[in-house]
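Let me begin by presenting the structure, written as structure tokens, before commenting on it.
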């Protein structure tokens, strides 16, 4: 059984045609490199800030410590968006669970980075950092996977994905059986391609 990150699997699902094949080949050839992603330092800093109960000025320190030009340009946008989200009301942090979902021959990591009580309801948040706005399609796939991994075990919890740069929170409303069928088919396709190349 092959382990795949949620983000990588979502990217695969949203591709069509031959880019799927290219994506799986790149994943297979660069598996170890893919685990060191562009947003990791700022993602970990956000989680650690809440875990330690620290001020958000620690995020400025992470930005200042970057030597990569692209990170120096993009991380301030991430921090500004995240501050805007935090300013939107009281957010009481708690440690979210980690689990995985088995689809076909894949095991997909389900790891919302943040847990917040928002408006008296516990929320599990998956963070989306990319420059392009979070699409409804991408949010639906991410939220469906979160629901598969966490929905039944955590009644009363709200599943959400946060477009960090735009401070936009999208929440899970109801299961979509057709999307579940699609995800199973995509996992089978990923496994077949992975085994054949």
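Name the residues in the stretch 6-24 that are surrounded by 16 or more Cβ atoms within 10 Å (Cβ to Cβ) and touching a residue at least 60 places away in the same chain (Cβ under 8 Å), would you? Steps first, please.
Within the stretch 6-24, the first condition is being surrounded by 16 or more Cβ atoms within 10 Å (Cβ to Cβ), and the residues that meet it are 6-13, 20, 23-24.
Correct list: 6, 9, 10, 12, 13, 20, 24.
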#### Entry: Unmet requirement for residue 43, which otherwise passes all of (1) modelled with pLDDT of 90 or more; (2) within 20 Å of residue 141 (Cα to Cα); (3) under 14 Å from the mean Cα position of the chain (by Cα)
(2)
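In this structure, is residue 97 assigned to a loop (DSSP other than H, G, I, E, B) and over 14 Å from residue 41 (Cα atoms)? Step through it out loud before you land on a result.
On the way: assigned to a loop (DSSP other than H, G, I, E, B): yes; over 14 Å from residue 41 (Cα atoms): yes.
Against the criterion (assigned to a loop (DSSP other than H, G, I, E, B) and over 14 Å from residue 41 (Cα atoms)), residue 97 qualifies.
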### Task
Would you point out the residue of the stretch 52-88, among those that are under 12 Å from residue 39 (Cβ atoms) and over 21 Å from the mean Cα position of the chain (by Cα), that is surrounded by the fewest Cβ atoms within 10 Å (Cβ to Cβ)?
68
### Query
Out of (1) modelled with pLDDT under 90; (2) within 16 Å of residue 113 (Cα to Cα); (3) not in a loop (DSSP other than H, G, I, E, B), what's the single condition that is false for residue 50?
(1)
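The values are calculated or read from the model by the stated rules, or taken from the named source; none is laboratory data. Source: prediction; values computed, not measured. Every residue, glycine as well, gets a Cβ built from its backbone with ideal geometry; the counts of neighbours run over all protein chains shown.
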